[in-house]
Amino acid sequence: MKRPTPARPIVLLGPQRREPRVRSVLEELGAEGPVAAVTAGWEELEEEIEELQAHLDRPVHHLRLWHRAEEAFEEDPDLYRILRERYDALRRLRSLYRLRLEYALAAVRRLQEQDPGDRLEDLLEAELESAFEEVRRLDREHLQRVEEVHREYDPRIRAAERPSLVRHRREIRGLLEESHALCLAGGHVAILLNRLRLFLDGFPDRLPLVAWSAGAMVLSERIVLFHDRPPQGPGNPEVLEPGLGLAPGLVLFPHARRRLILDEPLRVARLARRLQPACCLTLDRGSAVWLRGRAVQRQERVSVLQGDGSVLPAGTEEVKA
Amino acid sequence: MSRALQEFRGALRDPQRLQQLLGDREFPIVEGRSVTFVYRGPADQVLLQHWIHGLQAAQPFERIAPELWVLEIDLPEGSRLEYKLEIRTHGRRRLVNDPLNPKLAHNPFGSNSVVQGAGYEEPDWARRDPESRSGSLEELAIPSSAFGGERRVSVYVPARFHRRRRYPLLVAHDGHDYRRYSALQTVLDNLIDRLEIPPMIVALTDSPDRMREYAADPRHASFLVDDLLPALEDRYPLVEHPSGRGLMGASFGAVASLSAAWQRPGIYGKLLLQSGSFLFTDIGDHEGGPVFDPVVEFVRRFRESPGRPAERVYLSCGAYEGMIHYNRAMAALLQAQGIPLLFEEARDGHNWENWRDRLRSGLSWLFPGPLWMVYE
């Protein structure tokens with residue numbers, strides 16, 4: 001997708017299942033008419049939008065990106081085959097990245113646990129910063145390789161010209177033109193991103209965006225997968241792909257209270273320092289980040305993960321993203 | 001001597017203080033590795049009855065006052081112990097739950113008192129979470145060519161079930177006991193909601209004669225493969241691959257799971273085996289009694305020619321069970337076949353709460369959920 005000019009209002013929200021607030025956000029944005037909704041991250045359950053519709057209490061143009069993709073795959077096996085190949089390539093890349101990441105993060109962890117003593121503090125800090133830089137380099141390399149894979153496959157996919165997609169893309173453009181805002185629900189972050197790339201070349205510049213959980217993640221520059229307490233595996237956060245770049249400088253952590261161990265400063269520092277200079281924001285129930293252009297205008301019930309391991313409530317002052 | 005015991009002894013001449021000590025605290029008293037049991041009441045003898053393999057079975061309490069009995073034992077950290085008190089009076093013996101301890105573990109035969117050693121925590125994912133979406137149970141009658149007649153099966157259907165999705169299938173032996181005593185339905189609701197396992201269909205099966213049918217009876221394997229699976233595939237959209245099908249069971253239920261997968265390989269690709277009654281003998285007779293004869297014969301044949309009964313196996317056993325050595329041998333054998341295996345030992349016994357406490361690990365090892373990718 002080409003990146004649109006980021007001048008519109010964008011509101012990033014935490015999970016909406018228990019205390020939805022999309023409607024009040026839309027009201028505040030002055031989006032009074034019909035809105036478009038993307039729930040492709042819900043996969044097979046995409047069409048179960050009754051609750052969302054009831055909450056929004058206005059006409060909803062449901063874009064049905066997951067189902068449109070299923071229809072396109074059925075009609076166009078070649079498209080399905082190419083996407084399958086790309087998926088396999090990305091999966092292979094990810095497993096190799098994980099191998100290297102495990103060791104790079106283990107080095108950071110070991111250094112963090114060292115007792116520097118009085119005289120070695122500077123030395124240890126220099127070593128630690130180098131170890132962090134190694135992880136940052138690895139993350140950057142991974143993102144570059146993911147982009148290379150997309151560059152390799154995009155000309156084969158030809159989303160803008162492929163007959164199995166063109167009809168859907170035209171319909172979607174029409175629905176977006178009639179909408180006063182676009183709501184991006186959470187769910188499976190990779191599927192959501194993939195479907196957006198398949199059917200949209202960007203969002204109309206005038207269209208306010210309200211996105212929550214995975215929906216918010218895909219709008220950021222870097223999508224970071226995370227969970228500190230998985231029942232299996234080491235739980236190393238990993239970068240998945242570049243996002244759509246509409247929330248520059250922010251890395252978003254939905255369900256942070258449930259998924260991250262925020263009272264372990266070394267762990268928080270490991271995440272925040274690794275992702276510097278980006279700002280790591282938690283998106284929990286009730287959270288909202290209001291953006292216009294490249295600037296964060298307002299943050300509600302949002303915390304910032306700090307490089308020193310602390311977790312501070314984000315201020316309401318304007319913060320440059 | 002534990003601090004608690006010292007306090008009790010010190011208060012023997014001060015009835016008010018003693019009363020205060022008895023009223024103040026939870027029993028048994030856990031202080032690090034030391035656990036002090038207390039019984040108040042008339043008796044000729046009081047014994048701690050437990051099922052820890054390797055410890056003296058009936059441990060006598062000491063009478064420190066006319067109607068006050070105490071016993072201190074060493075319990076390693078993270079342990080969980082189920083027990084009863086044996087009260088002997090006038091030549092009669094009664095087995096009772098500890099009157100001073102409100103913690104009970106229920107099982108098909110009733111209940112036991114429970115002591116949770118230092119560091120043990122009851123898992124939060126095994127408790128009802130009002131935020132988790134609830135699945136439902138559907139009751140089915142499955143005609144069985146293997147056994148004749150019909151078998152009743154309860155089927156757990158996950159929340160937000162959708163016909164367009166394909167679901168993994170797990171068949172739980174002693175399924176109703178798993179539900180009642182190991183909170184299986186609650187665990188499934190929570191783990192699915194937390195994305196730690198995928199939404200799945202779980203068939204809760206039971207046997208009217210489990211000691212026979214679960215003891216490597218070929219009719220049972222046939223029931224699972226030829227009767228149950230087609231009936232469930234007719235009714236639910238299931239993953240049509242062994243990697244999407246699993247069998248689980250504890251004790252004889254684990255024997256039933258492993259033996260069925262071994263007799264009919266390539267159908268159920270995942271096994272969750274808990275405290276399997278995998279008794280065998282290298283020489284001489286076994287000590288399990290006649291009911292174990294077919295099990296011992298199965299394990300002998302299996303050890304001779306294990307093959308590859310499943311693609312992935314989770315095996316757990318209580319370190320305090322008599323079956324622990326057989327399960328360790330089974331783990332080594334499965335690993336030697338190159339089967340991806342997660343083997344876990346718990347400081348617990350042969351009981352349903354031990355099996356409950358391992359469900360998160362076992363289920364997520366066999367059926368990893370979309371945790372990493374889904375942010376609702």
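Given a 1.4 Å probe and heavy atoms of the protein chains only, how would you sort B:Arg164, A:Arg195, B:Arg210, largest accessible area at the top?
B:Arg164, B:Arg210, A:Arg195
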Response to the item:
Hydrodynamic radius by Kirkwood for the protein assembly as shown, inverse mean 1/r across distinct Cα pairs, in Å, is 28.8 Å
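Stokes-Einstein diffusion coefficient for region B:166-210 at 37 °C in a medium of 0.692 mPa s, Rh from the Kirkwood formula over Cα pairs: what value in µm²/s?
297 µm²/s
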Response to the item:
Taking a ≥ b ≥ c as the square roots of the Cα gyration tensor eigenvalues, with a/c under 1.5 meaning rounded and otherwise prolate when a/b beats b/c or oblate if not, region B:92-195 comes out oblate
Worksheet entry | Where GluC sites (Glu not before Pro) fall in DSSP loop in region B:1-76, at most 13 other Cβ within 10 Å | B:Glu26, B:Glu67
Discussion item. Rounded, prolate or oblate, given the Cα gyration tensor of region A:182-321, with a/c below 1.5 counting as rounded?
Written reply: oblate
Item to complete: Please state, to two decimals, what the Cα-based radius of gyration of chain B comes to when divided by 2.2 N^0.38 Å (N = residues).
Response: 1.10
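What value, in deg cm²/dmol to 500, does the helix sum -39500 (n - 2.57) over DSSP H runs of n ≥ 4 give at 222 nm once divided by the residues of chain A?
-15000 deg cm²/dmol
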Discussion item. Please compute, over every Cα-Cα pair in region B:71-136, the percentage with a separation greater than 16 angstrom.
Written reply: 63 percent
Worksheet item: What is the Cα coordinate range of region B:29-167 on the first, second and third principal axes, sorted by size from largest, in whole angstrom?
Response: 69, 39, 27
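Heavy atoms only, probe 1.4 angstrom, no DNA, RNA or ligands counted: give me B:Tyr236, B:Tyr120 ranked by accessible area, highest first.
These residues rank, largest area first, as B:Tyr120, B:Tyr236.
Which helices of chain A meet both criteria: a Cα extent of 24 Å or more along the helical axis and a mean Kyte-Doolittle score no lower than -1.0, with helices taken as whole DSSP H segments?
Answer set is A:77-113.
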Worksheet item: Between region A:54-78 and region B:30-83, what's the alpha-carbon centroid distance in Å?
Response: 64 Å
Discussion item. Springs between alpha-carbon pairs under 10 angstrom, Gaussian network model over chain A: which of A:Asp78, A:Asp57, A:Asp115 fluctuates most?
Written reply: A:Asp115
Fill in: Counting DSSP beta bridges with both ends in the protein assembly as shown, the antiparallel % (nearest 5)
60 percent
Discussion item. If you take every residue apart from A:Trp66 with its C-beta less than 9 Å away from the C-beta of A:Trp66, what net charge results, scoring Lys and Arg +1 and Asp and Glu -1?
Written reply: -2
Worksheet item: Taking chain A as a Gaussian network, Cα atoms linked when under 10 Å apart, which of A:Ala106, A:Ala31, A:Ala69 shows the biggest mean-square fluctuation?
Response: A:Ala106
Fill in: Student exercise, chain A dipole from Lys, Arg, Asp, Glu Cβ charges, in Debye to nearest 20
400 debye
Practice prompt. Ignore the peptide's own chain and count Cβ atoms of other chains within 10 Å of each Cβ in B:361-371; give me the average, rounded.
Written response: 3
Worksheet item: Just how much of B:Lys84 is accessible, in Å², when a 1.4 Å probe is used and the result is rounded to the nearest 10?
Response: 40 Å²
Practice prompt. Select from A:Leu176, A:Pro77, B:Val239 the residue farthest towards the positive end of the dipole of the protein assembly as shown; place +1 on Cβ of Lys and Arg, -1 on Cβ of Asp and Glu, and compute about the Cα centre.
Written response: A:Leu176
Discussion item. Filter chain B for me: DSSP H helices, axial length by Cα at least 15 angstrom, mean Kyte-Doolittle hydropathy not below 1.0. List them by residue number.
Written reply: none
Discussion item. Tell me the mean residue ellipticity at 222 nm calculated for chain B from its helices only (DSSP H runs of n ≥ 4, each -39500 (n - 2.57), averaged over every residue, nearest 500).
Written reply: -7500 deg cm²/dmol
Discussion item. Calculate log10 I(q)/I(0) of region A:121-198 for q = 0.15, 0.17, 0.22, 0.25 Å⁻¹, where I(q) comes from the Debye formula with a single equal point scatterer on each Cα and nothing for solvent.
Written reply: -0.77, -0.88, -1.11, -1.18
Worksheet entry | Selected from A:Leu193, A:Leu123, A:Leu250 as most flexible by GNM, with chain A as the system and alpha-carbon contacts under 10 Å | A:Leu123
Worksheet item: Quick one: putting +1 on the C-beta of Lys and Arg, -1 on the C-beta of Asp and Glu, what dipole do you get for region B:124-366 around its Cα centre, in Debye to the nearest 20?
Response: 800 debye
Worksheet item: Going by the alpha-carbon gyration tensor, a ≥ b ≥ c the square roots of its eigenvalues, is chain A rounded (a/c under 1.5) or, if a/c is not under 1.5, prolate (a/b greater than b/c) versus oblate?
Response: oblate
Worksheet item: Among residues other than B:Asp282 whose Cβ falls under 11 Å from its Cβ, what is the net charge (Lys/Arg +1, Asp/Glu -1)?
Response: +2
Item to complete: Post the alpha-carbon centroid distance, region A:235-306 to region A:161-205, in whole angstrom.
Response: 25 Å
Discussion item. Can you give the Rg/Rh ratio of region B:217-376, where Rg is from the C-alpha atoms and Rh is the Kirkwood radius?
Written reply: 0.98
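The values are calculated or read from the model by the stated rules, or taken from the named source; none is laboratory data. Keep in mind that this is a model prediction, so the values were computed, not measured. Using ideal geometry, Cβ is built from the backbone for each residue, glycine included, and neighbour counts are taken over all protein chains shown. To get the accessible areas, we keep the full protein, side chains included, count just its heavy atoms, and leave off ligands, DNA and RNA. Shrake-Rupley method; radii C 1.70, N 1.55, O 1.52, S 1.80 Å.
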